[in-house]
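Heads up: the structure comes next, in structure tokens.
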Amino acid sequence: MKRGILVLLSLSVLFAVAYFTASKWAIRHETIAFHDPDRDNRLVAVNIAIRRDKELQANAGLIKLPVAILNHGNTVKHTEYSFLSNVFAWRGYLAVSPQHDLPTDPPMVTKVGEPYVGRLPQIQRGVANIHFAIHEMKKVQPNADYEKVTMVGHSMGGDISMYFAKEFPDEIKKVVTLDNLRVPFLTDGKFKILSFRSQDTHFKADPGVVPDDEQCEQAGITVVNTGFQHNDMRDTGPEAAKSSIEKMLDKFLDESDKSAALKPVPTKVPDILSSSPGPVPLSTPLASNPPPTNKPIAN
């Protein structure tokens with residue numbers, strides 16, 4: 001019995017080491033600083049994640065990489081979602097994560113009653129950042145499909161993703177959001193949508209953001225109600241949360257395995273839609289090295 005336990009523990013350690021080694025060496029992460037001349041040379045830093053073997057094949061012109069754009073939450077750095085970018089990289093994607101807000105940006109002034117609680121200017125700035133980042137990435141890695149991208153985002157980044165998809169549907173392949181709260185889901189069925197929802201009492205979706213079960217079924221929307229908190233859905237979150245999201249996301253991206261197709265997960269729509277909008281804290285300047293925390297932050 002003891003010997004069996006020791007063998008099991010040894011195998012677990014080996015698998016952990018193998019995973020760490022593969023993650024470290026098989027996927028390349030790089031941050032590139034771009035400056036937009038049309039916006040006073042605004043800095044748009046992007047972090048890219050790409051599998052080294054896929055990058056070599058793309059550079060040789062043998063393949064064209066699918067592209068995923070990852071959008072961070074408000075006041076969160078673009079490098080804080082590596083657990084997501086790694087899933088896309090393993091799948092052969094070029095994962096591009098732009099930094100949307102800067103310490104020099106004016107504070108966000110929120111106001112109930114205005115579009116998206118007054119966050120439209122910040123959302124539109126995010127859309128401009130995405131288009132500029134894609135324009136520049138075409139020069140860095142031309143052998144990628146920038147015509148139709150998979151848009152991904154957490155919190156405010158999820159709202160940016162959904163708004164981008166609404167304004168530019170022909171440029172979208174799929175949309176993945178993690179607890180976006182302001183911009184309503186698209187229900188025209190033009191592309192598949194996967195959304196992870198938290199059970200956070202502090203952060204609640206505005207009325208009308210999340211469709212009901214019937215709308216989800218008709219529009220190809222998969223809503224996953226998790227037991228996690230809003231801020232669990234980034235690198236500083238618990239391993240259980242990240243692992244669960246990674247597995248579901250991997251299935252969502254698996255287009256070759258028909259059995260892996262996801263079905264809409266029952267949503268607790270009445271709980272979401274009957275709730276009043278959650279608190280709307282003002283944004284704070286982005287710290288250069290924000291300390292890991294799971295406390296509520298501005299979205």
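The values are calculated or read from the model by the stated rules, or taken from the named source; none is laboratory data. Being a predicted model, the structure only gives us computed values, none of them experimental. All Cβ positions, glycine included, derive from the backbone under ideal geometry; neighbour counts span all protein chains shown.
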Of the residues in the range 71-89, those that are assigned to a loop (DSSP other than H, G, I, E, B) and either under 13 Å from the mean Cα position of the chain (by Cα) or surrounded by 24 or more Cβ atoms within 10 Å (Cβ to Cβ) (or both) come to 72, 73, 74, 76, 77, 78, 79, 80, 81
Selection from the range 84-129 of residues within 18 Å of residue 184 (Cβ to Cβ) and of a type in the set (A, V, I, L, M, F, W, C) yields 112, 117, 120, 123, 127
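Using the structure shown, decide if residue 200 is surrounded by 14 or more Cβ atoms within 10 Å (Cβ to Cβ), within 22 Å of residue 67 (Cα to Cα) and modelled with pLDDT under 95.
Criteria not met by residue 200.
For the range 127-141, give me each residue that is of a type in the set (D, E, K, R) and free of Cβ contacts under 8 Å to residues at least 60 places away in the same chain.
138, 139, listed by residue number.
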Any residue that is closer than 30 Å to residue 203 by Cα, modelled with pLDDT of 95 or more and charged (D, E, K, R) - is there at least one of those in the range 35-50? no
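Every residue, every condition in (1) of a type outside the set (Gly, Ala, Ser); (2) under 19 Å from the mean Cα position of the chain (by Cα), yes or no:
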| site | (1), (2) |
| --- | --- |
| 60 | no, no |
| 91 | yes, yes |
| 94 | yes, yes |
| 122 | yes, yes |
| 140 | yes, no |
| 146 | yes, yes |
| 149 | yes, yes |
| 162 | yes, yes |
Within the range 128-145, restricting to residues that are in contact with a Lys or Arg (Cβ under 9 Å, 6 or more places away or on another chain) and surrounded by fewer than 18 Cβ atoms within 10 Å (Cβ to Cβ), the one that is farthest from residue 204 (Cα to Cα) is 143
Apart from one, (1) part of a helix (DSSP H, G or I); (2) crowded, with 24+ Cβ neighbours inside 10 Å all hold for residue 125; the odd one out is (2)
Worksheet item: Restricting attention to the range 206-226, does a residue exist that is modelled with pLDDT of 50 or more, on the phi > 0 side of the Ramachandran plot and out of contact with any Gly (no Cβ under 7 Å at 6 or more places or on another chain)?
Response: yes
Matching residues in the range 175-212 (outside any loop (DSSP other than H, G, I, E, B) and either more than 15 Å from residue 224 (Cβ to Cβ) or of a type in the set (S, T, N, Q) (or both)) number 2
Given the conditions (1) touching a residue at least 24 places away in the same chain (Cβ under 8 Å); (2) out of contact with any Lys or Arg (no Cβ under 8 Å at 6 or more places or on another chain); (3) closer than 24 Å to residue 39 by Cβ; (4) assigned to a helix (DSSP H, G or I), every one holds for residue 166 apart from (1)
So for the range 232-241 (the condition being touching a His at 6+ places or on another chain (Cβ under 8 Å) and crowded, with 19+ Cβ neighbours inside 10 Å), does at least one residue qualify? yes
